[in-house]
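Here's the structure, in structure tokens; my notes come after.
The values are calculated or read from the model by the stated rules, or taken from the named source; none is laboratory data. Because the structure is a prediction, the values reported are computed rather than measured. We place every Cβ from the backbone using ideal geometry, glycine too, and count neighbours over all the protein chains shown. Calculation scope for accessible area: heavy atoms of the full protein, side chains included, ligands and nucleic acids excluded. Shrake-Rupley method; radii C 1.70, N 1.55, O 1.52, S 1.80 Å.
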Amino acid sequence: MTATEQLELVSANKVHGGWLKRYRHRSGSLDCDMVFAIYLPPQAEQGPVPMLWWLSGLTCTDENFMQKAGAQKKAAELGIALICPDTSPRGVNLDGEDDSYDFGSGAGFYVNATREPWARHYRMYDYVTEELPALVKRHFPVDGERESISGHSMGGHGALICALKNPGRYRSVSAFAPIVNPMACPWGEKAFSGYLGDDRAQWAQWDTCELVKQASKSGTERQELFVEQGESDQFLEEQLKPERLEAVCAELDHPLVLRRQPGYDHSYFFMASFIDEHLAYHAKHLL
Ligand SMILES: CC(=O)Oc1ccc2c(C)cc(=O)oc2c1
């Protein structure tokens, strides 16, 4: 811990016997103040508990998942901490940052930007895989050896790339309606050209379908990917394209559980309907 590291408590609410807390801190990797949310189940009072990282989607903050998914009851039953970062740097005042919902504020895409003016602040990959985990392990009763990761949409893309880029790090990975091939959909093309520039070889380092191909070539461990997808999702055909992940995984024999759920859309009602099953899935790997 650095001598100046400070965690400012923003709010605290008791939920299902545990505590949901929000903290503000100075992020070195993003060079700005950030807020994150952590739910500590009642078991954390007895000793370190395993962690599930939740990465949220476009327009979200640390709050949406904790307020809308209804995950705390099951997390309390299982004894799993939930940690939810914000989705982009905040308050850095870059030109064009607030012009649209799918780029800039609330849309960090969990990459490390290499293009100016984004490169100094938009390093969400380093933030969610290195800086914030180290901080959480220093300050909270969590077991740093037992972590899993999940997320929704842009955050589902984030969860999948974090797991694929760090074989052996996460005990399990799941995603709701993830953007599985951002190199080839409008949201991803806009974000990657803005944050990374024109070099598509760089883009491939942040694309789930491409990372599955790379894992196959390099012979690294093939971790199962668990994906939940609503069939009435309004972004299914244009942005999410789960059939591309299905095809790549089938071709390369990468384990994938893709569940298509009739009638469900892209909203938090969809996540609230299946979050308990995802928590139980992660618990099998964490406990
Ligand atoms: C709270 C909420 O509804 O979150 C939400 C809405 C829409 C989207 C879209 C369109 C994409 C995404 O990545 O996340 C997301 C999250």
Most mobile listed residue (Gly144, Gly155, Gly57) in the chain, GNM with C-alpha springs under 10 Å: Gly144
Calculated FRET value between Lys14 and Glu246, using beta carbons and R₀ = 35 Å, to 0.05: 0.25
Relative packing of peptides 199-212, 117-130 - highest average C-beta neighbours within 10 Å first: 117-130, 199-212
Convex hull volume of the chain per residue (C-alpha atoms, cubic angstrom): 121 Å³
Segment 54-156 - percent relative contact order, Cα under 8 Å, separation 6 or more: 36 percent
Zone of Glu231's modelled label, taken as backbone nitrogen in segment 169-211 under 18 Å from a point 7 Å along Cα→Cβ: 177-178
In order through segment 179-191: 3J(HN,Hα) via Karplus (6.51 cos²θ - 1.76 cosθ + 1.60), integer Hz, x for Gly, Pro: 7, 8, 9, x, 4, 10, 8, x, 4, x, 4, 5, 5
Full-extension gain in nm, Tyr101 to Glu5, via 0.36 nm per residue minus C-alpha separation: 31.4 nm
Length-normalised contact order for segment 179-228 - Cα pairs under 8 Å, 6+ apart - percent: 31 percent
Share of carbon and sulfur in the accessible heavy-atom surface of segment 168-287 [1.4 Å probe, %]: 50 percent
Segment Thr114-Asp143, extension gain: residue separation times 0.36 nm, minus the distance between their alpha carbons: 7.2 nm
Partners for Lys165 among lysines (Cα-Cα distance below 26 Å; same-chain residues under 8 apart left out): Lys137, Lys190, Lys213, Lys217, Lys241, Lys284
Listed residues Ser150, Ser56, Ser267, most fluctuating in the chain (Gaussian network, C-alpha, under 10 Å): Ser267
Radius 12 Å from Cβ of Val111, net charge of other residues (Lys, Arg +1; Asp, Glu -1): +1
Within the accessible area of segment 1-145 (1.4 Å probe), percent carbon and sulfur: 44 percent
Segment 161-169 - phi-based ³J(HN,Hα) in whole Hz, Karplus 6.51/-1.76/1.60, Gly and Pro as x: 6, 4, 5, 5, 7, 10, x, x, 6
Residues whose placed amide H lies under 5 Å from that of Gln261, excluding near-sequence neighbours: Gln229, Gly230, Glu231
Accessible area of the chain divided out per residue, in Å², using a probe of 1.4 angstrom: 40 Å²
